[in-house]
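Student: Please see the structure below; I have some questions.
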Amino acid sequence: MNRVAVTGMGIISPIGNSVSAFWQALIEGRCGIRHLTRFDASDFKVKIAAEVTEFDPTQFGMEFAEARRMDLFTQYALAAAHQAMEQSGLLGQADPHRFGVNISSGIGGIHTFFYESEKLLNRGPGRVSPLCVPMMIGNMAAGNAAIKYKAMGDCVPLVTACATSTHSIGEAYRKIQHGYLDAVLTGGSEAAVNPIAIAGFTSCMALSDANEPERSSLPFDLNRKGFVLGEGAAVLVLENLEHARKRGAEILGEIVGYGSTCDAYHITAPEPSGNGATRAIVSALEEAGIAAEDKLYINAHGTGTPLNDKTETLAIKNALGEDAARKAAISSTKGATGHMLGAAGGAELIATLLALREGILPP
C-alpha cells in the first residue's frame with residue numbers, strides 16, 4: 001500500500017479567502033456569520049448566512065470573461081485549487097495520466113439555476129443563457145480544474161450531501177493508496193446562499209432562525225436550533241508520499257485512515273444509536289493503527305441541529321468508549337464558518353491539518 005501525503009491546501013471561506021486568513025480567523029474565534037446581503041431577506045424567517053466576502057476570481061488565475069462562464073461554485077473551486085496547486089508545486093511534476101481530480105459539490109450550480117429560472121419566468125425562454133446547463137452541472141468544477149491543470153487521470157466527482165468533500169478526499173486517498181494514481185486534486189465547493197436554498201432549508205426546519213449572527217451556529221450547545229447556511233470551497237493536493245519526496249515537496253500531513261458507512265435509515269435523520277457513524281470512526285482508527293486512548297483531536301460534523309449533535313456524541317462515545325471520548329479534544333468549526341455543505345469536510349480537514357501542525361486547537 002502506498003502512503004498518502006498532503007502537499008497543497010486552498011480555501012475560500014466565510015472567514016477568509018486563503019489558508020492563512022482562514023486559520024488566523026479560526027484561532028482568534030472570529031465568526032463569519034452575518035445578516036444576508038445577497039438578496040432582500042425581509043420576508044424570510046431566516047435572515048443570516050455565512051457568506052464569502054471580498055471574492056475576486058481574477059486574483060486566483062481566472063480571466064474575468066472566463067469566470068463569467070462559470071457558476072459561483074466553480075469559481076470558488078478553481079480559486080481554492082489555484083492556491084493548493086501553487087503551494088504543492090505539482091504543476092508539470094506529475095504524469096498527466098496519473099493525475100486525477102475529485103472536486104465535488106453537494107448541490108452544484110444552484111446559483112445559476114435560480115437566476116436563470118427567474119429570467120425564464122420574468123423575461124421568457126429566449127433570455128435563458130446558452131451556458132445555463134453547463135454552468136449548473138455538478139461536475140463542472142472538477143472538469144474545469146482537470147482542463148486547467150491537464151489532469152488526465154480519472155475525474156470523478158461524488159455527491160453525498162454534507163459528506164461530499166469528505167468522501168471525495170477519502171476516495172482520492174484510496175486511489176493513491178492502491179496505486180491507481182500518483183496525485184489527486186480533491187475537495188468540495190458550494191455556493192448555495194440564495195433565496196431558494198434559504199427558503200428550502202428553512203421549510204424543512206434545518207436552519208437556525210436565531211438571526212443573531214454570533215448566537216446562531218451553536219454546535220453541541222443546549223440552546224442550538226439548527227445550522228447556518230455557509231458557502232465556499234476547500235481543495236487539497238493528495239500525493240503518493242514517495243512521489244512527493246522525490247520531487248522535494250513539503251509534506252503538510254499524511255492521511256492514514258478512512259472509514260465510510262451508511263446507516264440505511266432515513267433521508268435526512270441519523271439513525272438514533274449512531275451506529276453508522278460509529279462504524280466509520282472505528283474503520284478509520286483501525287486502518288490508521290490509532291487506539292482510542294491515544295491523544296485525539298476530532299473536528300466534529302457538529303452542525304448545531306438537535307439530532308446531529310446528539311447522535312454524533314453517541315457515535316464518538318460508542319467508537320472510543322466513554323472514558324476515551326471524554327478525554328478526546330473535540331470542536332466543530334461550523335460556529336465560525338456556518339455549514340459549507342459540500343465544502344464542509346474539506347474545510348474541516350484543512351482546519352484539522354493546521355491544528356496538528358501548529359499545535360493549536362480551534363474553538
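The values are calculated or read from the model by the stated rules, or taken from the named source; none is laboratory data. If you're wondering where the values come from, they're calculated on a predicted model, not measured in any experiment. Virtual Cβ from ideal backbone geometry, glycine too; neighbours counted across all protein chains shown. SASA here: full protein model, heavy atoms, side chains in, ligands and nucleic acids out. Shrake-Rupley method; radii C 1.70, N 1.55, O 1.52, S 1.80 Å.
Student: ³J(HN,Hα) across the range 129-136 via Karplus (A = 6.51, B = -1.76, C = 1.60, θ = phi - 60°), whole Hz, x for Gly/Pro?
Tutor: For the range 129-136, the Karplus-derived couplings read 5, x, 8, 3, 5, x, 6, 7 Hz, x marking Gly and Pro.
Student: Okay, moving on. Roll a 1.4 Å probe over the protein chains and send me the accessible area per residue for the chain in Å².
Tutor: I get 45 Å² per residue for the chain.
Student: Show me, for the range 17-29, the HN-Hα J-couplings you get by feeding each phi into the Karplus relation (A = 6.51, B = -1.76, C = 1.60, θ = phi - 60°), rounded to Hz, glycine and proline as x.
Tutor: Here the 3J(HN,Hα) series is 10, 8, 5, 5, 5, 4, 5, 4, 5, 4, 6, 8, x Hz.
Student: Please compute the modelled spin-label separation between residue 261 and residue 215, points set 7 Å along Cα→Cβ, answer in nm with one decimal.
Tutor: 3.8
Student: Can you tell me the length gained on complete extension of the stretch residue 127 to residue 204, counting 0.36 nm per residue apart and subtracting the Cα distance?
Tutor: Net length gain for the segment: 24.5 nm.
Student: Now for a separate question. Mean residue ellipticity at 222 nm from the helices of the chain, using -39,500 (n - 2.57) per DSSP H segment of n ≥ 4 over the full residue count, to the nearest 500 deg cm²/dmol?
Tutor: -11500 deg cm²/dmol
Student: Now for a separate question. Filter the chymotrypsin sites (Phe, Trp or Tyr not before Pro) in the range 12-93 down to the DSSP loop ones having no more than 13 other Cβ atoms within 10 Å, then list what survives.
Tutor: The qualifying sites are 39.
Student: Here's something else I'd like to know. Got a number for carbon plus sulfur as a percent of the range 241-289's accessible area, 1.4 Å probe?
Tutor: 53
Student: Sticking with this structure for a sec: In a GNM of the chain with a 10 Å cut-off on Cα contacts, which of 154, 43, 95 has the highest mean-square fluctuation?
Tutor: Judging by the Gaussian network model, the answer is 43.
Student: A further question on this structure: Round to the nearest 0.05 the FRET efficiency obtained for residue 150 and residue 178 when R0 = 30 Å and r is the Cβ-Cβ distance.
Tutor: E(calc), rounded to 0.05, equals 0.85.
Student: Taking a virtual spin label 7 Å from the Cα of residue 273 along the C-beta vector, which residues in the range 284-319 bring their backbone nitrogen under 16 Å of it?
Tutor: Within reach of a label on residue 273, which here means backbone N under 16 Å from a point 7 Å along Cα→Cβ, the range 284-319 contributes 311-319.
Student: Students often forget the sequence filter, so: which lysines lie under 30 Å Cα-Cα from residue 148 once same-chain residues fewer than 8 apart are removed?
Tutor: Hits, sequence-local ones excluded: 175, 246.
Student: With unit charges on the beta carbons (Lys and Arg positive, Asp and Glu negative) and the dipole taken about the Cα centre of the range 15-113, which residue among 94, 64, 105 sits farthest to the positive side?
Tutor: Toward the positive end, the furthest listed residue is 105.
Student: If you bin the C-alpha pair distances of the range 212-269 every 5 Å from 0, what whole percents do you get?
Tutor: Calculated over all Cα pairs of the range 212-269, the distribution is 4, 10, 13, 10, 13, 16, 12, 9, 8, 4, 0 percent.
Student: Another one. Which listed residue (77, 166, 227) has the Cα farthest towards the positive end of the charge dipole for the chain, taking +1 on Lys and Arg C-beta and -1 on Asp and Glu C-beta about the Cα centre?
Tutor: It is 77.
Student: How large is the dipole of the range 303-361 about the Cα centre if only Lys and Arg carry +1 and Asp and Glu carry -1, each at its Cβ, rounded to the nearest 20 debye?
Tutor: Taking the Cα centre of the range 303-361 as origin, the dipole is about 40 debye.
Student: Please state the charge dipole magnitude for the range 122-200, taken about the Cα centre, from unit charges on C-beta atoms (+1 on K and R, -1 on D and E), reported in debye and rounded to the nearest 20.
Tutor: The calculation lands at about 280 debye.
Student: List the GluC sites (Glu not before Pro) within the range 195-269 that DSSP assigns to loop and that have no more than 15 neighbouring Cβ atoms inside 10 Å.
Tutor: Taking the range 195-269 and a limit of 15 other Cβ atoms within 10 Å, the loop GluC sites (Glu not before Pro) found are 250.
Student: Follow-up. So, with a 1.4 angstrom probe, what is the percent of accessible area on the range 1-136 that is carbon and sulfur?
Tutor: 52
Student: Identify which of 237, 156, 133 has the largest mean-square fluctuation in a Gaussian network model of the chain, with springs joining Cα atoms closer than 10 Å.
Tutor: Of the options given, 133 has the highest mean-square fluctuation.
Student: Starting from 0.36 nm per residue, how many nanometres of slack lie between residue 327 and residue 86 once their C-alpha separation is accounted for?
Tutor: 83.0 nm
Student: Taking the Cα centre of the chain as the origin and placing charges on Cβ (Lys, Arg +1; Asp, Glu -1), which of 316, 126, 347 is farthest toward the positive end of the dipole?
Tutor: Of the candidates, 126 comes out farthest on the positive side.
Student: Relative to the Cα centre, what is the charge dipole magnitude of the chain, using +1 at the beta carbon of each Lys and Arg, -1 at the beta carbon of each Asp and Glu, and rounding to the nearest 20 debye?
Tutor: Charge dipole, the chain, about its Cα centre: 320 debye, nearest 20.
Student: A further question on this structure: For the range 224-299 and the range 30-102, what is the separation of their C-alpha centers, rounded to whole Å?
Tutor: Distance between centres, Cα-based: 22 Å.
Student: To continue, here is another question. Which pairs in the list 225/295; 310/334; 45/225; 225/317 are over 20 Å apart, alpha-carbon to alpha-carbon?
Tutor: Flagged as over cut-off: 225/295; 225/317.
Student: Please calculate the 1.4 Å probe accessible area of residue 204, with all protein chains present, and give it to the nearest 10 Å².
Tutor: 80
Student: Applying the Karplus parametrisation 6.51 cos²θ - 1.76 cosθ + 1.60 with θ = phi - 60° to the phi angles of the range 186-198, what ³J(HN,Hα) value in whole Hz is obtained for each residue in order, glycine and proline being reported as x?
Tutor: Working through the residues one at a time gives 9, x, x, 8, 8, 9, 10, 7, 8, x, 5, 5, 4 Hz.
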